[in-house]
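Take a look at the structure below.
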Amino acid sequence: MQARRLAIVGVVLAVCVFAAAASGSERKSGGTFRLGTSSRIDSLNPFVAFNQDAYSTFEYIYPELIQYDKANRNFAPDFATSWKASNGGKTWTFKTRGGAVWSDGQPLTSADAAWTINTALKYKGGATANSAGLIAHITRADAPTPTTLVVHYAAALGNVLGQFQQFPILPKHIWSQHTGHKGNDLKSFPNNAPVVGAGPFNLIKFTKDQIALFQRNDKFYGPKPNVDAFGLQMFSNDDALVAALKHHDIDAIEDVPATAIKTLRGSGFTVKQVPGLDHTDFIVNSNPKKTKHRELLDPRVKTAMDYAIDRAQIVRVVFLGAAHPGDSIISPSSGAWYNPAVKPTPFNLAKANGILDGLGYKKGSDGIRVANGSRMSYDVITPTDVHSIPRTFQIIQAAFRKIGIELKQKSLDSSAAFDAITAPNGKYTDFDLSMWDWVGLVDPDFMLSVVTCEQYGGWSDSGFCDKTYDAMYSKQQLTPNQAKRRAIVWQMQKYLQQRKPYLWLANLDNVSAYSSNWTGIVTSPQGPFNSISKVSLTSIQQK
Amino acid sequence: MRGADYVIKRTAFALVTVFVAVTLNFALFRLAPGSAVTDLSRVPHATPELRQALKKQFGLDKSKGAQYVIYLKQLVHGNLGVSFANEQPVSTNLRVALINTLPMVLLGTLFAIVIGTLTGVIAAWRRGTPTEAVTVTSALGFYSMPTHWLGLMLIIIFAGTLPTGGMTNEFLINPSFWTHFRDLAAHITLPSLTLGLVLYGEYTLIVRSAMLETLGEDYILTARAKGLKPWTIVRRHALRNAMLPVATLVALSLGYIVAGAILIETVFSWPGIGRAVYDAVLQRDYPMLQGAFLLLTISVVFFNLVADLLYFKLDPRITE
């Protein structure tokens, strides 16, 4: 085992030396970029992985047809160089790179892409169910030539490119050997390092909860990285992570805790703060069939609650300024998909009290209002793993008390919290209020889907089910014209703002920090190590 | 014959304890609110069908009784099952985590035993002096400190001098044996020291108490009267007779080594079995939890048995 490890390290060293010698003087190349994270990679198997950093790993080691550009706004070529729709949008043809190879020297062709898509389709009810959403409506994929991929759809879709941006292409010659037991072997294949890939980096070493070491892939079909290697070192304690950066044991942190931003800036580190995709929310059970406290279904009650949320205080106190008041299911970092006409509800207790007074919900002797014969006193289910919730809850609780609503926190771990929300048996009839967060994607389809009726028992955590909304959702999904689709997406955000299954609290910034020895930093809403594009870590270089 | 009876009884009791623990381990995690597939089915691109697919794959669609029978059958064949979280054999996951944990926890426990025994002896021997007050107060102080807080303080104090996270510097290229050893020693220092400091107070108090008891015995007075040197009295007569409760404590501590140290492993990003169990609890990874708790049960029961048998050897009065 030790000999094997030494052999791997030896190979890495040899390759690094060779790469450095071969690189010439045109690039400020070389070095190992050491990135610290408080997240981790749970699995290297795309059919098993759960954590964001696992998806970011796949972005950097596997080809994907599409990626986002540097600005994280528009689609850009990755393994596909061009694409076009035909047959009324039901057929998509991608021209893929010629002469590309996997890290083991085997050719990488459109046949690998077709096999990955068709395999995901074949087992979508079982082994590949975790990526079923990405291949929705696809009927078949063909590879008529090594550089042509044709994907057939049952209907013309509006988010084809957005879906393929998140879909890693796997080496057929490796993975096709693991389809036994009705595809279940796909999930038990550990895909250990060194992983056969074809991205800008090869994953050469992975020790769970410790390190993922990526070496530059000089056979990569796209722009080569400037660094020889980068490593993702995993920490389970934020203080130790920040201490490691301050003492130069690592070169950067991908998600800086808000409490450390000021210190790191003051210590001469480059701190990048950009709008992120994470946003926190206050959930009101909007299931029309809920049994208790049915006053919560009244949009006027929800509006009163919305007025009683001091978002500015939440941003200032909970996130120490590294966030912005929330307003929509689509966060501003999604670019053009965000509807700027949807504004955060201002903090106005007088208005909130006025609405509730107008509804005739009088305050009792204890200051709590009575609605339909019941005190307006509610349990708020909160998951323990969203660390901003306890302080946010205290702020909201104090303000709600002033409008005659009593809130009681019911803290559960995420699994128990979600089951309490969906109880009983996925019917969403028991719970009243909850708090959680969402980490969206650049394309709006996923976030818009979480409030559809189809997501009952799946992603839905609000019990919202509205036929009009569902019709709009299907329409945006089936509108290939992106300008027209955007108009529908904007309309949906407005529609949700009026019905308020969510009262949005704060859009969190992504904050990353770098040692001053590094330049060429490209920011993204998911940080430098992301599943949006391959640009961030191929651009970074030593000063 | 009496001795053989004693050994058989203790061994049988240990086996029954393990079986009961196995059953409780199975039932306990399934009684907790929340489902094993809730979190796992909430991945970004999944459809609601994933939840059902996972239930079927993990056998959770079967009755609890059927699941229990399958679990027992697997155990009989030495199979701990497959982790729900990463779909790898539980035995592999546990082995990796245990290999990481053992050196750190062993070192910390050893530190605690040595320092605790030493300070306990000093406190007893110097009873009623400022030395005793300082020794006992320090021991109690460290014993009552929150483990994670002490770890964080050590990070603040030693950051820059000693590594604050991880087991090794994973960026070292082709390190020599000594470089690797030094690196590992540097990384293991703070977590082991934290554990040792938190644990040693317990030994101080037990050793002090046992020593005070033996120091009051007539044979100690006789030894003094004979003019033996103080250190000889302590070493030969007092400490040896005071070791009975210490042996129990050491055996118990060794039994819990396989449980790791969740807080220390989290503070110092140490990828050991404590963190693995904590993650498994959060993820409702039943096979991993069952495997880890089975390991812990066997370890605790085994070392208790060892302590019992050791007592039998050390103190023949037990059989009377």
Measure nothing fancy, just the Cα-based angle from helix B:286-314's long axis to the longest principal axis of chain B, in degrees from 0 to 90, nearest 10. 20
May I ask you to work out the translational diffusion coefficient for chain B at 37 °C, viscosity 0.692 mPa s, via Stokes-Einstein with Rh from the Kirkwood sum over Cα pairs, reported in whole µm²/s? 144
Could you tell me how many degrees, from 0 to 90 and to the nearest 10, lie between the Cα long axis of helix B:273-283 and the main elongation axis, the longest principal axis, of the Cα atoms of chain B? 40
Degrees separating the helix A:2-22 axis from the principal Cα axis of chain A, which is the longest one: 80
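Work out, in µm²/s and without decimals, the Stokes-Einstein translational diffusion coefficient of the range A:123-166 at 25 °C, 0.890 mPa s, Rh from Kirkwood over C-alpha pairs. Before the final figure, lay out each step's value.
Numbers: Rh = 11.5 Å.
Reported coefficient: 213 µm²/s.
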A:Lys543: which lysines have alpha carbons under 18 Å from its alpha carbon, excluding same-chain residues fewer than 8 sequence positions away? A:Lys28, A:Lys224, A:Lys272
Which value in deg cm²/dmol, rounded to the nearest 500, describes the helix-derived mean residue ellipticity at 222 nm for the protein assembly as shown, given -39,500 (n - 2.57) per DSSP H run of n ≥ 4 and division by the residue count? -14000 deg cm²/dmol
Under a plain spin-label model, where a point goes 7 Å from the Cα along Cα-to-Cβ, how far apart in nm are A:Glu454 and B:Arg30? 3.4
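Starting from the Kirkwood Rh over alpha-carbon pairs, what translational D in µm² s⁻¹ does the range A:51-136 have by Stokes-Einstein at 25 °C and 0.890 mPa s? Don't skip to the end; give the middle numbers.
Values: Rh = 14.7 Å.
Answer from the Stokes-Einstein relation: 167 µm²/s.
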Would you mind giving the mean number of other chain beta-carbons within 10 Å of the Cβ of each residue in B:279-287, as a whole number? 2
Please give the total accessible area that chains A and B bury against each other, computed with a 1.4 Å probe and expressed in Å² to the nearest 100. 4500
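Please give the contour-minus-distance gain from A:Ala487 to A:His248: 0.36 nm per residue of separation, less the Cα-Cα distance, rounded to one decimal in nm.
On the way: separation 239, 0.36 × 239 = 86.04 nm, distance 4.80 nm.
Extra length available between A:Ala487 and A:His248 comes to 81.2 nm.
Which pairs, out of A:Lys292/A:Lys351; A:Lys408/A:Lys500; A:Lys84/A:Lys187, put more than 28 Å between their alpha-carbon atoms? Before the final figure, lay out the partial values.
Values: A:Lys292/A:Lys351 26 Å; A:Lys408/A:Lys500 21 Å; A:Lys84/A:Lys187 33 Å.
Violating the 28 Å Cα-Cα cut-off are A:Lys84/A:Lys187.
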Please tell me which of these pairs span more than 32 angstrom C-alpha to C-alpha: A:Lys410/A:Lys475; A:Lys467/B:Lys62; A:Lys172/B:Lys55; A:Lys70/A:Lys122? A:Lys410/A:Lys475; A:Lys467/B:Lys62; A:Lys70/A:Lys122
Shape of the range B:1-80, Cα gyration tensor, a/c cut at 1.5: prolate
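Over the range B:149-246, calculate the relative contact order: mean separation of alpha carbon pairs under 8 Å at least 6 apart, over the residue count, as a percent.
Details: 54 pairs, mean separation 25.5, N = 98.
Normalised by residue count, the contact order of the range B:149-246 is 26 percent.
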Please report the Cα spread of the range A:119-244 along all three principal axes, rounded to whole Å, starting with the longest. 53, 34, 31
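Loop by DSSP (not H, G, I, E, B), at most 16 other beta-carbon atoms within 10 Å: where is the longest site-free stretch of chain B for trypsin sites (Lys or Arg not before Pro)?
Numbers: sites that count: B:Lys62, B:Arg126, B:Arg127, B:Lys226.
Within chain B, the longest run free of exposed trypsin sites (Lys or Arg not before Pro) spans B:128-225.
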Within straight cross-link reach of A:Lys402, meaning Cα distance under 19 Å, which aspartates and glutamates are found once same-chain residues fewer than 8 apart are removed? A:Glu295, A:Asp306, A:Asp310, A:Asp357, A:Asp366, A:Asp379
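Write down, largest first, the equivalent ellipsoid semi-axes of the protein assembly as shown in whole Å, where each equals the square root of 5 times an eigenvalue of the alpha-carbon gyration tensor.
Its equivalent ellipsoid spans semi-axes of 51, 36, 28 Å.
Tally up the carbon and sulfur contribution to the accessible surface of the range A:17-141 as a whole percent, 1.4 Å probe, everything protein left in place. All intermediate terms of the calculation are to be shown ahead of the outcome.
On the way: 2420 of 4710 Å².
Carbon and sulfur together cover 51 percent of it.
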If unit charges are put on Cβ atoms (+1 for Lys and Arg, -1 for Asp and Glu) and the dipole of the protein assembly as shown is taken about its Cα centre, the option from A:Val301, B:Ala53, B:Val90 lying farthest towards the positive end turns out to be A:Val301
Let me know the mean shielding of A:225-234 by other chains, meaning the per-residue number of their Cβ atoms within 10 Å of its Cβ. 2
Once the principal axes of the Cα atoms of the range A:349-435 are found, what is the range along each, listed largest first in whole angstroms? 38, 29, 21
Compute the relative contact order of the range B:1-148 as a whole-number percentage, counting only Cα pairs closer than 8 Å that sit 6 or more residues apart in sequence. 8
With the contact rule set at Cα under 8 Å and sequence spacing of 6 or more, what percent relative contact order holds for chain B? 29
Would you work out which of A:Gly89, B:Ser192, A:Asn184 lies farthest towards the positive end of the dipole of the protein assembly as shown, given +1 charges on the beta-carbon of Lys and Arg and -1 on that of Asp and Glu, about the Cα centre? A:Gly89
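Where nothing but the Cβ of Lys and Arg (+1) and of Asp and Glu (-1) is charged, how large is the charge dipole of the protein assembly as shown around its Cα centre, in debye to the nearest 20?
Working: 83 positive and 62 negative charges, 105 e Å.
With Lys and Arg at +1 and Asp and Glu at -1, about 500 debye.
To check you understand DSSP bridge types, tell me what percent of the beta bridges within the protein assembly as shown (both residues inside) are antiparallel, rounded to 5.
On the way: 60 of 78 bridges.
Within the protein assembly as shown, antiparallel bridges account for around 75 percent of the total.
The values are calculated or read from the model by the stated rules, or taken from the named source; none is laboratory data. If you're wondering where the values come from, they're calculated on a predicted model, not measured in any experiment. Glycine gets a Cβ as well: all are built from the backbone with ideal geometry, and neighbour counts include every protein chain shown. Ligands, DNA and RNA are excluded from the accessible area calculation, which covers all protein heavy atoms including side chains. Shrake-Rupley method; radii C 1.70, N 1.55, O 1.52, S 1.80 Å.
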